[in-house]
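First comes the structure, then the notes that go with it.
None of the figures in this text is laboratory data; all of them are computed from the coordinates on show. Remember, predicted model here, so these are calculated numbers, not experimental data. Cβ coordinates were reconstructed from backbone atoms using ideal geometry, including for glycine residues, and neighbour counts include every protein chain displayed.
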Amino acid sequence: MPTQAIKDPQKAAKAAEQRSQWPAFEVPTASDLEAIRRIRGIGVEGLKLAVDRGILRVAEWKEHPSWIVTDSTRQCAQARRLDGEPFPFRGGLKKALTLDGSNARWPVGAGAIEPAHGSILLCEGGPDLLAGFLCLWAEGRAGSATVGSMLGASASIDPDALELFRGRRVRIAEHDDEPGRKAGKRWADSLAGVTSKVIAIRFHGLIQADGQPVKDLNDALRIDADVFEENRELWGVIP
């Protein structure tokens, strides 16, 4: 397992103690998957693949049934409510909560990279991570590729995780906003020295079936058939 990225012994010990307080992560039921599908528009086939890779779990968090993205390293985990509502948080609301003790620099899914995975789709956020697994299933690439995700645009990739990308092809699914574009470039620069190829997929100018702009990979699942046919880049999202 990669070494803990927090180098300060006191900080590392505190993070480990916080992670020890995480709830037990459970395998989602069929009704859990249906709730996620309904809210996020992500086909159950992709969700099941994320479950099989140890990426998608459920747990009670802040007194709410939630879906969790994590991986076998348990370096990072993030929760969203299964009812689609935001969490009450410090007098306001927050749609996603990263669990205390998480290493924000860890790309969730890196722990599921296997030797046969010559290609990796790197996303931003939990919904895009699950959307990536639907692309993996739809393109018939489950045996040769996988998906990872940074859970925030401000974080750089942990050096320990970078080594897991060595020699592989990587495509970064950038969010269509300024933080997303800056993050994509920063991650590409970090990966350039270890991967065989790193490219980006961008969604600027694409429109969802309801007329709203496509801002990310999860949104791209909601485009109509004509838009999909006109944008060949979307025919093969996995590198």
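Remarks
- Packing order of peptides 107-116, 34-43, 72-81, 197-206, highest average first: 72-81, 107-116, 34-43, 197-206 (average count of other Cβ atoms within 10 Å over each peptide's residues).
- For the stretch 94-183, GluC sites (Glu not before Pro) are listed when DSSP marks them as loop and at most 16 other Cβ atoms sit within 10 Å of their Cβ; the list is E139.
- For the stretch 18-34, 3J(HN,Hα) per residue [Karplus equation, 6.51 cos²θ - 1.76 cosθ + 1.60, θ = phi - 60°, Hz, x = Gly/Pro]: 5, 5, 5, 8, 4, x, 5, 8, 10, 6, x, 7, 4, 5, 4, 5, 5
- Other-chain or far-sequence residues with amide H under 5 Å of L206's (modelled H): V214
- Hull shadow area, averaged, the stretch 110-236 [alpha-carbon convex hull, nm²]: 7.3 nm²
- Candidates per trypsin sites (Lys or Arg not before Pro) in the stretch 126-194, loop by DSSP, up to 15 other Cβ within 10 Å: R166
- Taking every DSSP beta bridge that has both ends in the stretch 110-236, the antiparallel portion is near 5%.
- Phi to ³J(HN,Hα) by Karplus 6.51 cos²θ - 1.76 cosθ + 1.60 over the stretch 106-116, Hz, x for Gly, Pro: 7, x, 4, x, 4, x, 9, 5, 10, x, 6
- Cα gyration tensor, the stretch 24-98 - rounded (a/c under 1.5), prolate or oblate: oblate
- For the chain, projected area of the alpha-carbon convex hull averaged over all directions, nm²: 13.0 nm²
- Among the listed pairs K94/K215; K14/K185; K11/K62; K48/K95, those beyond 27 Å (Cα-Cα): K14/K185
- Ranked L93, L162, criterion: other C-beta atoms within 10 Å, fewest first: L93, L162
- In order along the stretch 88-93, phi translates into HN-Hα couplings of x, 8, 6, x, x, 10 Hz, rounded to whole numbers, per the Karplus curve 6.51 cos²θ - 1.76 cosθ + 1.60 with θ = phi - 60° and x for Gly and Pro.
- The alpha carbon centroids of the stretch 134-184 and the stretch 5-42 are separated by 19 Å.
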